[in-house]
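Data first, discussion second: the structure below is written as structure tokens.
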Amino acid sequence: MDQIEYISVDKDILDFYKVIYFGATSDPIAAASDRAYLDLNRTIRFNKMPQEKRDSLRHSVMLLFKKEIPSFVEAGVENQCDYDSWHYRICQEIRTYYREAGIEFHYGQAQKWLNMTMKYLYVNGGYTFNSLFQYLHVPIDNYVFSVAKKELGIKPPTTAWSRWDDYSNQYMAYQLELRSKIRGYSPLRWEFKFWMQEARQLEQNKETSGIRPTERI
């Protein structure tokens, strides 16, 4: 399904970019999880929780990933349903960690953490996800809402992605609509191509208007 364009890159340059973006990559899952956390941490309302407790919760999720991702990949995935079921279970566990610590945490935040970790693992070379890539979910954020509206005609939801807390009727319903309308790509490959396109366009618009660009939405 996916048409992947391969190019030759100086290994030193590639390694440099990996370190700049992910930090030390000797532990790919930890590096991917930490980077993914930066994509959602601004949406978490910690309510003056001490930093050491915040770090402990973050570390717990990283340990969950280090336990679950390798074993899941090794076991293999037979179909989309298998991956979706695993995804739901991991999101439940992330959400429970924070809720039991007294933090309001939603499935929308959990999906961003898990989905971006899987995406970053692919980017940093931790996993190729050869037989699994086609089942990976699109990380949901405002860029995706925008490009899905332009390219696929999917109406953006009225609730912010970080506040989605109905996994089936909000999160999975949106993933299923994406899957039903994406053509020629697996979902995450589509996101790679069009997320970057949308990000570049939005940054150009901000620069033109004189608004300082933000790192991500």
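The values are calculated or read from the model by the stated rules, or taken from the named source; none is laboratory data. Every value quoted in this text rests on a predicted model; they were computed, and no experiment measured them. A quick note on method: Cβ atoms are made from the backbone with ideal geometry, for glycine too, and the neighbour counts reach across all protein chains shown. To get the accessible areas, we keep the full protein, side chains included, count just its heavy atoms, and leave off ligands, DNA and RNA. Shrake-Rupley method; radii C 1.70, N 1.55, O 1.52, S 1.80 Å.
In this Cβ point-charge picture (+1 for Lys and Arg, -1 for Asp and Glu), the chain has a dipole of about 660 debye about its Cα centre. In this calculation the C-beta distance from Lys193 to Lys53 is compared with R0 = 45 Å, giving a FRET efficiency of 0.70.
Residue pairs exceeding 24 angstrom between C-alpha atoms, taken from Lys66/Lys181; Lys11/Lys112; Lys112/Lys155; Lys155/Lys181; Lys11/Lys67; Lys119/Lys193: Lys66/Lys181; Lys11/Lys112; Lys11/Lys67. Between Val9 and Lys150, the simple spin-label model (points 7 angstrom out along Cα→Cβ) gives 2.3 nm.
Taken per residue, the accessible surface of segment 93-178 reaches 38 Å², heavy atoms only and a 1.4 Å probe.
Element breakdown for segment 64-141 at a 1.4 angstrom probe: carbon and sulfur atoms account for 45% of the accessible area. Approximating the spin labels as points 7 Å out from Cα along Cα→Cβ, the Glu100-to-Asp166 distance works out to 2.7 nm.
Of all the options Lys11, Lys193, Lys67, the one that moves most in a Gaussian network model of the chain with Cα springs shorter than 10 angstrom is Lys11.
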